[in-house]
Amino acid sequence: AVDLASGAAERLPQPDDIATGAVDGLYFYAGDLIGVQNFICPGRVVRISLSDTADRIEGLQVLQTHHATLDEPTTGAIVGEHLHVIANSSVALVQPDGSLRDQAPIKPAAIVAVPLERG
């Protein structure tokens, strides 16, 4: 949570049995957070349910995982009731200096549309 007056940030309390880390894209949608987790194997898109007052995390629902195209998923954009996520960012192939690791081939970008309805 971010205090808009001071700019101070703090982590929202959450149940111990859910994993909300490793988020590379985070979006507010219909009172919840939509996150792209790409350091969890396999990468996935999740809905993080917030309390009515948005001061704590109450749960997590996996919206998409084990999709054949999800390989280092990253940011996206919400259009209507879908998150259009970059499914194969190839970010793991890029070295800190910007060069490619072992001259690995980069696949053409793939976009996956993930429905955001509640399950």
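Look at segment 8-31: where a residue is surrounded by 11 or more Cβ atoms within 10 Å (Cβ to Cβ) and a partner is of a type in the set (Phe, Trp, Tyr) and assigned to a loop (DSSP other than H, G, I, E, B), sitting 6+ places away or on another chain with Cβ atoms under 9 Å, you get ALA22/PHE39; VAL23/PHE39; ASP24/PHE39.
Among the residues that make up segment 54-69, is at least one of them in a loop (DSSP other than H, G, I, E, B), surrounded by 12 or more Cβ atoms within 10 Å (Cβ to Cβ), among the hydrophobic types (A, V, I, L, M, F, W, C) and within 15 Å of the chain's Cα centre (by Cα)? Scanning segment 54-69 turns up no residue that is in a loop (DSSP other than H, G, I, E, B), surrounded by 12 or more Cβ atoms within 10 Å (Cβ to Cβ), among the hydrophobic types (A, V, I, L, M, F, W, C) and within 15 Å of the chain's Cα centre (by Cα).
Filter segment 72-110 down to the residues that are hydroxyl-bearing (Ser, Thr, Tyr) and surrounded by 12 or more Cβ atoms within 10 Å (Cβ to Cβ), then identify the one that is nearest to ALA30 (Cα to Cα). The selected residue is THR75.
Summed over segment 55-69, the residues that are touching a strand residue (DSSP E or B) at 6+ places or on another chain (Cβ under 7 Å) and either polar (S, T, N, Q) or over 20 Å from GLY31 (Cβ atoms) (or both) give a count of 5. Scanning segment 15-53 for residues that are over 19 Å from HIS67 (Cβ atoms), of a type outside the set (A, V, I, L, M) and in a loop (DSSP other than H, G, I, E, B) yields PRO15, ASP16, ASP17, THR20, GLY21, GLY31, SER51, ASP52, THR53.
Pairs are defined by a Cβ separation below 9 Å, a sequence spacing of at least 6 or placement on different chains, a first member in segment 73-92 that is farther than 12 Å from GLY35 by Cβ, and a second member that is among the basic types (Lys, Arg); the pairs so defined are ASN88/LYS107; SER90/LYS107; ALA92/ARG101.
Rule-based calculations on the coordinates, nothing more; no lab input. Here the structure is a predicted model, which is why all the values come from computation and not from measurement. Because the Cβ atoms are built from the backbone with ideal geometry, glycine has one as well, and the counts that use them run over all protein chains shown.
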